[in-house]
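Heads up, the thing below is written out as structure tokens.
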Amino acid sequence: MLLDATQLDLLQRTIGTFYGGSQEQIAAADRALDEIRGHPQPWCLLQQLVDGGSTPPAVLWSISLVEQYLKRRWRRASGEERMACRSALVGLVLASAAAPGGEKVVTQKLQHVLALLLKAEW
């Protein structure tokens with residue numbers, strides 16, 4: 001399930017509000033983000049956000065979705081889904097590590113999620 005440019009922009013703004021709004025705004029953003037939390041292929045969403053030059057909070061939020069996927073749904077994932085997730089994460093880790101001036105916290109979080117994936121595979 002890929003998002004179009006308008007949906008990605010809305011997602012970024014919603015995540016920004018979730019991390020920096022008033023109590024009422026945070027609650028509304030949290031409810032809006034519930035729909036995305038169950039994304040069937042969160043690594044695709046992460047890839048879209050990274051490719052679109054999204055803000056670090058949006059990327060970190062989507063990384064957390066992949067982390068939850070690995071913890072809760074990895075064992076039930078098909079071989080094709082596992083391969084797609086693995087390929088996306090490896091590519092993102094390599095690109096993030098090679099990017100000059102990249103967000104260190106994003107790189108570290110991506111590396112952490114890749115380690116979780118390797119642990120799940122073991």
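Couple of notes before you dig in:
- Apportionment of accessible area to carbon and sulfur, the range 31-122, percent (1.4 Å): 57
- Sorting 31, 37, 13 by accessible area puts them as 31, 13, 37; the probe is 1.4 Å, largest comes first, and only protein heavy atoms count.
- Cβ-based net charge around residue 121, under 11 Å, with every Lys or Arg adding one and every Asp or Glu removing one: +4
- Taking the centroid of alpha carbons for each part, the range 1-52 and the range 55-104 are 16 Å apart.
- The residues packed around residue 93, meaning those with a beta-carbon under 12 Å from its beta-carbon, carry a net charge of +2 if Lys and Arg are +1 and Asp and Glu are -1.
- Under 12 Å, Cβ to Cβ, from residue 54 - net charge with Lys/Arg +1 and Asp/Glu -1: -2
- The listed residues 34, 51 rank as 51, 34 when sorted by accessible area, largest first, using a 1.4 Å probe.
- Relative contact order of the chain, taken over Cα pairs closer than 8 Å and 6 or more residues apart, is 24 percent.
- Average accessible surface area per residue within the range 33-92, 1.4 Å rolling probe, Å²: 49
- In this simple spin-label approximation, residue 55 and residue 83 carry label points 7 Å from Cα along the Cα→Cβ vector, and these lie 3.8 nm apart.
The values are calculated or read from the model by the stated rules, or taken from the named source; none is laboratory data. Note that this is a predicted model, so its numbers are computed, not measured. Quick reminder, even Gly has a Cβ in these numbers, built from the backbone with ideal geometry, and neighbours come from all protein chains shown. Ligands, DNA and RNA are excluded from the accessible area calculation, which covers all protein heavy atoms including side chains. Shrake-Rupley method; radii C 1.70, N 1.55, O 1.52, S 1.80 Å.
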